[in-house]
Structures are given as C-alpha cells and as structure tokens.
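The values are calculated or read from the model by the stated rules, or taken from the named source; none is laboratory data. Computed from a predicted structure; not experimentally measured. Here the Cβ is made from the backbone with ideal geometry for all residues, glycine too, and neighbour counts use every protein chain on show. Surface areas here come from the heavy atoms of the whole protein model, side chains and all, with no ligands, DNA or RNA. Shrake-Rupley method; radii C 1.70, N 1.55, O 1.52, S 1.80 Å.
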Amino acid sequence: MGAWAPHRSEDAIARAARRLGVEARCFDVLRRTRQFGPLAAPVLARAISRYDPDFILCTRHAWRLGLPRLQALLRGRRSALWYFDAIEHEGSLAVGQACDAMYTTYAGQVALWRARGVPTVRFLPQGVDPDVDRPATAIREPDRCDASFIGSGQYPHRWPLLQAVAHAVTLKVWGPYWDAAPSDIPVAGGRIVGERFAEVVAASIVSLGANAVAAQDDEIASASNRMWKILACGGAYVGPHVRGIEALAADGEHCRWYRTTEECVAIVRALAADPAAARAMAERGRAHALAHHTYDARLRLLLEDQEMPLPTSV
C-alpha cells in the first residue's frame, strides 16, 4: 500500500494501516516537488514502482507526478483518492478519474464528483489518530481562555462569527493568514500543530469550529478534521450544525452544534460559565471519538471498498 500527500493526515493513515497489520509507506509528492522541482516526479515514480504496492491511496497532490506517470503506476493495482477538501483544487478531478474510487470527506460532494465524471464516489470523513491526537500533559498559563479557534484566517466567511464570540468572552485565535482579518479578532499566534494543538485545546474551556466557505453551511453530515482532533485531545467542541451531523456526534452529549452566530455565542457563554459541564462533555466526546471514529475504522472501510453510510434522516 502507498499514500501520497503533504496533508498531515497521510502519516495518520500510515499509522492506522500498520495498526491494522498492513505494511504502508508514504510518498510526499508536494514536499519533494517543492524541494527538487520537476526532478521529483520521475524519482518518486521509480521509488513507488520499486516498492510495488498492492494498493495505492492517493491524496490530491498525486497529480504532480503527471497524469501519464500516475496512470502507469495505478495500472494493475487497486487505487483510491481520499479527498479532504471542501473546494476543488488543481488536478483533483484527474486523479479521481484515474483511480478505482474516490472518497470524499464531504457527503454533499458525492453527487458533484459523479456528475464531473468520477464513476465511483464514496463518503468517508476523516478521523482520530489515537497515537497523536491526545490530551496535553501540561497547560501554558498564557494560553488560557474561555474559547479558542485554531485555523486559517484567509476565509472571510468565518470572521463575523469569531468577532461576535470575541465580544462576548475571552477568545484566542491561532493559525496562519490572519493579517487581513478585522482587528477585533484576537490572534494569539501562528500555525499550531502537534503537541501545541493539544496544549491550546487544554487551555480553552471551549474549542470552536467555524466553516471556511459558505458552501460548507449546506453540507450533509460533514465536519472539518478540526472537530476530530479537538474531541480526541479532550476539548469541549462547539461547531457549525449541518444536516445529519448528529450521525457523527450527538448535540449536548459529545459536543454542541450551533445554527446561528447568536446561538454559538449563547452556547459558548453557557459553557464558559460552567467549566465542569464543559469538561464532562469533553470526556464523553473523546470516548465517543476513540470508540467510533478513528482512522483505523475509516481505513478498514476504505480497504474493503465500503463507505460510511449517509444518515437516513437527510
């Protein structure tokens, strides 16, 4: 089995494969292309061919190998594209058409990709990496706040929500690309990954989710990978409601879902005023994510040519 991508989920997929007893190796096309330019593709293709995987799992950056080279590698091997993004990126359609199946983390995209000419499209959200997504062992006092948001700032769609929360409670925002955002969004620092992600979650009574683009508001049973990481790190997650989302986590039991900015502010205020209730919900959310939503469970479905069923209520 092989996996390609710079997406941080690639290592989680490889670890899940090994936990399932499957030998796996990652080939990071984007990073190698940035390092070595056009020389990277033929070198990577030869390395993948020598590895001789039975199954090749691609992410969208596999297109950087060049479509003819990619098609040659996929020939005679089982293959799939696992697409993590809410918007289309260069090469994603070509990779999806070249693979045996395409898996999307956004259920509403299943019909969209089929209409674009990808014959087999299935729904499979991202999940928890139990080896990495764990509660922090310590908290940095300067990180403490009522609510935090970890994510990129180049998406104006999420700005009004964060502004409203910042006016109601103590909010700290972390991530890249916030330079153009309104000044009343309190940016505490840059990119947060690894142990720092868990530390920021641990220091926050509430950890927020906020959609990047308006199209996500109309999705079906889909959530950002941020949700899974926060739940596994022991955070009290408050995220945007979409149709069927309760199939992934129950409101009030594992997390809280908001439908409007005003409802989000009210939920955050209530949890910030009752940290014990927030911690209890976070504990239930972590147990639920580890029991039902690990990458192990996701990858098992993918390797068996299965998918996560859509909620029957939508």
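Mean sequence separation of contacting Cα pairs (under 8 Å, at least six apart), scaled by the length of the chain, corresponds to a relative contact order of 16 percent. For segment 232-297, the Cβ-based charge dipole about the Cα centre amounts to some 80 debye (Lys, Arg positive; Asp, Glu negative; other atoms uncharged).
Mind telling me which of 236, 282, 247 comes out most flexible in a GNM of the chain, alpha-carbon contacts under 10 Å? Result for the chain, Cα springs under 10 Å: 247 fluctuates most.
Taking only protein heavy atoms and a 1.4 Å probe, the accessible area of the chain is 50% carbon and sulfur. Looking at segment 206-272, the trypsin sites (Lys or Arg not before Pro) that sit in a DSSP loop and have at most 15 other Cβ atoms within 10 Å of their own Cβ are 259. Take the Cα of residue 46, step 7 Å toward its Cβ, do the same at residue 195, and the gap between the two points is 3.9 nm.
Spherically averaged projected area of the convex hull of Cα atoms, segment 23-133: 7.6 nm². Per-residue ellipticity at 222 nm computed for the chain from its helices equals -11000 deg cm²/dmol, with DSSP H segments shorter than 4 residues left out and the rest contributing -39,500 (n - 2.57).
Over all other residues within a Cβ to Cβ distance under 10 Å of residue 147, the charged ones net out to +1, with Lys and Arg as +1 and Asp and Glu as -1.
From the square roots a ≥ b ≥ c of the eigenvalues of the alpha-carbon gyration tensor of the chain, which class results: rounded (a/c under 1.5), prolate (a/b over b/c), or oblate? Because a/c hits 1.5 or more and a/b exceeds b/c, the chain counts as prolate. Computed about its Cα centre, the charge dipole of the chain is approximately 1000 debye, with only Lys, Arg, Asp and Glu carrying charge at their Cβ. Helix screen, the chain: no DSSP H segment has Cα axial length of 30 Å or more and mean Kyte-Doolittle hydropathy at least 0.0. Computed from the C-alpha gyration tensor, the three semi-axes of the ellipsoid equivalent to segment 140-185 are 18, 13, 8 Å, from longest to shortest. Taking GluC sites (Glu not before Pro) as exposed when DSSP calls them loop (any state but H, G, I, E, B) and at most 12 other Cβ atoms lie within 10 Å, what is the longest stretch of the chain free of them, the sites themselves excluded? Of all site-free stretches, the longest is 91-252.
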